[in-house]
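Everything on this sheet refers to the single structure shown next.
Quick note: the coordinates plus some simple rules give every number you see, no bench work behind them. These numbers were taken from a predicted model, which means no experiment stands behind them. Cβ coordinates were reconstructed from backbone atoms using ideal geometry, including for glycine residues, and neighbour counts include every protein chain displayed.
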């Protein structure tokens, strides 16, 4: 009798296990919500592990506090998807990509920016390599997120910071021009904000601020790669697509405030 | 007398030869640096053209269809020149050129659709 019960229980456990693994393989596992200092973190491993180095950990928060998006994603040429730039150590050593600033010469906040990759590497350079190639390692950074974020206005999601307000208050001053890299451009004419209708009844409509976006991004970062539609209303946006990284989701699922912060976009008051 | 005339002719020929050789030598010595500076100039010229063409993206909306078409043409003629650069530079500038051309084409398309 005991043997029969044991076999039945064992069969139930095996069945449940198989069902759960099948269900998870179809729907995926729930993503862990990143902590404020982790939000925007990019792990780059195109060539690192093949070269016996730890993958690179790139922190968006420290870089975005110093530069606008367009400096890196237009002028320096970083792609908008992790790993898509195909950065090689030689590129950095020649002064491109990370090496544009991380060249051991540039001075920021009174400190010389460390060199990213060099043509010749010896054992003494190991510590320097580890500053970026730090995935899975305990590496001390020059920048502490909690210290950095203390004076900045807070928000609920993402990095837990209101980056826009921080700039308005002059607490951060992201540069939009990098000498020798960025081209001299005229200042952009202010683009009009516009409203987009929400699909769900009762949900406030979206106020899209062109101004806020163009100040940090310019035009060519979004058009036509991210927003292809030319005539307003011809392209339908859905939250499913956005959550998969399309249109607004290109930034608002990764670096800019996340989709959970509904009212920052759905901000037009609903008429009673 | 005949000897003196022959001597003078020989001396003149030698001097002429040396002078010509000197000129050729100067040219030969000057050759590589001249071609290096030509290469520098060529490099600078694509960079200048790139900066010039892609510095106008902020004004894209204000351009006429003809102006936008001309900018796209200039982008297209820059591409083969950038493709000849070293790998790193080629990768960076082709991507920058793609973005810049893409915007002009996007605005041109918008303007054409607006007219219809």
Stretched fully, the stretch from residue A:150 through residue A:42 gains (0.36 nm per residue minus C-alpha distance, one decimal, in nm) 36.6 nm
With the 8 Å Cα cutoff and a minimum separation of six or more residues, segment A:65-177 has a relative contact order in percent of 26
Compactness check, segment A:145-272: C-alpha Rg relative to the 2.2 N^0.38 Å globular estimate gives 1.17
Rg from C-alpha atoms of segment B:45-110, normalised by the globular rule of thumb 2.2 N^0.38 Å, equals 1.08
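Based only on other Cβ atoms within 10 Å, what is the fewest-to-most ordering of A:121, A:107? Provide the component values of the computation, followed by the final result.
Working: A:121 13, A:107 8.
Fewest to most other Cβ atoms nearby, the residues stand as A:107, A:121.
In percent, what relative contact order does chain A have, based on Cα pairs under 8 Å that are 6 or more apart in sequence?
The normalised contact order for chain A reaches 18 percent.
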Length gained, residue B:98-residue B:69, 0.36 nm per residue minus C-alpha separation, equals 8.9 nm
Per the helix-only model, chain A has a calculated mean residue ellipticity at 222 nm (DSSP H runs of ≥4, -39500 (n - 2.57) each, divided over all residues, rounded to the nearest 500) of -6500 deg cm²/dmol
Residues of segment B:55-94 with backbone N under 16 Å of the label point set 7 Å from the Cα of residue B:113 along Cα→Cβ are B:61
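If I take all pairs of Cα atoms in chain A, what percentage of them are more than 25 Å from each other? Could the numbers behind the result be given before it?
On the way: 21082 of 36856 pairs.
Above the 25 Å cut-off, chain A has 57 percent of its Cα pairs.
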What the Cα atoms of segment A:156-230 span along the principal axes, largest first and in whole Å, is 50, 33, 20
Taking N as the number of residues in segment A:45-172, the ratio of its alpha carbon radius of gyration to 2.2 N^0.38 Å works out to 1.13
